Every structure is written in C-alpha cells, then in structure tokens.
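FYI, it's all coordinate maths here, none of it is from the lab. Just so it is clear, the structure is predicted and the values come from calculations on it, not from any experiment. Note that we place each Cβ from the backbone using ideal geometry, even for glycine, and neighbour counts take in every protein chain shown.
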Amino acid sequence: MESIYGENMFILDNHNGLRSFQIHIHIETPEELTISTKLNSSTDTNNSEGFSYSFEVKYIPPIILTCVLPKSYPTHLPPYFTISVQWLDTSKISSLCSMLDSIWNEQHGQEVIYSWAEWLHSSAISFLGFDKEIVLGPYGVKNQGDPRALSGCVSPDVDVPSLKSYNEEQRLENFLKTLQECCICFGEFAGNFRSSI
C-alpha cells in the first residue's frame, strides 16, 4: 500500500500487535468548486437566516482514513476505521462511514482498503451531492452520528480562512511543480525558476 499512496500514507505505531495507518485521500474535484456557508449576524440573534458567504477553491483538505487491521482481516473482520474531514459535519461523515461498511459487505473476505480509498477519492463528493458546491455546517448542532466520524468543522470564522489558506498553499505547490510559460520570451520554465539578471 505504501507504494500506491506514497507520501499520503502514514504508518502508525502497532497497538497490541495490530497494524495501523492513515491515508490522506485527496478528493477528485471539478476545475473549481464553490464553498458556501451561513454567517450569522452577532447583532441580530433572532435572524436565523444570517448572511450567505461563498468562495471558489480548486483544492480542499484531504479526507483522512485511519485504519487498524484486526488479526482476522480480511477473512472475517473488516478494518477498524475512522474518517476525519475538516470541512464536513458529523452527519455527512457518518454517511461516508456507512458507505464503507456497504463496500465491505459487498467484498466480504477480500482486501477492501484500496476500494475504500478509491471510492472516497472519486465518489465521495458526488455521493454527498456536492458536485459543484460544498455547503459548510450546520454549526452548533449536536449530532449523535457514527462514532467513527470525526469532524474538524469549528465555525465559519475558523473554517473559511483554513480552507482558503489550504487552497492557496496547494495552488502555490502546484505552480512550483509545473512548467509555466513566460509571457515575454514564451519559453517554458519550472514555477520555481529564478533567472539571474
């Protein structure tokens, strides 16, 4: 698995002889994705609608799949897992957990981690109905979802800047890794190329 996921896989300490690891699964998104949320006015507590705020991103933080492999995996038991997502609430992450359970039930007795990771990578956004827009929240709602669902959502004040920052960091990283066309000489140079004049 390390050869498949490379720097996106982290081997964790063995716990009671059980292998454990994390896979950071980067989501396949359309070219641009709209993120929106409701911002409540601090002066008007009776207004439950609040203001709507949206922005465009190309990159969103990964879904983190943490697995512990029981000794009887894959013949009898599925991996014990949690799903952690910074930008989803617990109820939506719980539905992802249910889908991974369904995939295990369809492939009972077989290796399933690759199938889980591939499904999260390519189908999670559309499964949640977020083909063009991700709606953050709801905030301040107690949800007794699946205990394997770990939400990183805090508040719009924290989540919006965090998502914007992640997007900008990934855009810069992508720029530095790819060739860019110079608008003066029309030559192609790596994004991190610095000429000495």
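Suppose a student asked you for the relative contact order of segment 1-41, using Cα pairs under 8 Å spaced at least 6 residues apart; what percent would you report?
Values: 22 pairs, mean separation 11.2, N = 41.
Taking the mean separation of contacting Cα pairs over the length of segment 1-41, I get 27 percent.
Within the chain, what's the longest stretch lacking trypsin sites (Lys or Arg not before Pro) that sit in DSSP loops with no more than 14 other Cβ atoms inside 10 Å?
72-131
Roughly speaking, what is the stretch gain from Asp101 to Leu39, that is 0.36 nm per residue apart minus the C-alpha to C-alpha distance, in nm to one decimal?
Gain on extension, Asp101 to Leu39, equals 18.9 nm.
Going down the list Lys38/Lys132; Lys58/Lys177; Lys58/Lys132; Lys71/Lys92, which pairs span over 21 Å between their C-alpha atoms?
The pairs that break the limit, which is 21 Å between Cα atoms, are Lys71/Lys92.
Can you tell me the length gained on complete extension of the stretch Lys71 to Ser122, counting 0.36 nm per residue apart and subtracting the Cα distance?
15.5 nm
Say a paramagnetic label sat at a point 7 Å from the Cα of Glu2, along Cα to Cβ; which residues of segment 111-149 have their backbone N under 19 Å from it?
Under cut-off, by backbone N: 113-114.
So what is the 222 nm mean residue ellipticity for the chain from helices alone, if each DSSP H run of at least 4 adds -39500 (n - 2.57) and you divide by all residues, rounding to the nearest 500 deg cm²/dmol?
The helix contribution divided over the chain gives -9500 deg cm²/dmol.
Identify the chymotrypsin sites (Phe, Trp or Tyr not before Pro) of segment 104-197 meeting these criteria: DSSP loop state and at most 13 other C-beta atoms within 10 Å of the C-beta.
Phe186, Phe193
Which residue, Pro74, Thr37, Cys185, has the largest displacement toward the positive end of the dipole of the chain when charges sit on each Cβ (Lys, Arg +1; Asp, Glu -1)?
Toward the positive end, the furthest listed residue is Pro74.
Which whole-number percentage describes the relative contact order of the chain, with Cα contacts under 8 Å and a sequence gap of 6 or more?
22
Ala190 to Glu28: extension gain in nm, 0.36 nm per residue of separation minus the Cα-Cα distance?
55.9 nm
Using +1 on the beta carbon of Lys and Arg, -1 on that of Asp and Glu, and nothing else charged, what's the dipole of the chain about the Cα centre, debye to 20?
400
Using amide H atoms built 1.01 Å from N in the peptide plane, name the residues 5+ places from Gly137, or on other chains, whose amide H lies under 5 Å from its own.
Under 5 Å from the amide H of Gly137: Asp89.
What is the distance in Å between the Cα centroid of segment 48-90 and that of segment 2-37?
Measuring centre to centre over Cα atoms gives 9 Å.
For Glu181 and Glu56, what does the FRET efficiency come to when R0 = 22 Å and r is the distance between their Cβ atoms, rounded to the nearest 0.05?
So, using R0 = 22 Å, E works out to roughly 0.40.
Using a/c under 1.5 as the rounded threshold, could you call segment 88-197 rounded, prolate or oblate? The axes a ≥ b ≥ c are square roots of the C-alpha gyration tensor eigenvalues, and prolate needs a/b larger than b/c, oblate otherwise. Please report the intermediate quantities before stating the final value.
On the way: a/c = 3.46, a/b = 1.75, b/c = 1.98.
Note, shape of segment 88-197 comes out oblate.
Hey, how many Å between the Cα centroid of segment 120-175 and the Cα centroid of segment 103-118?
24
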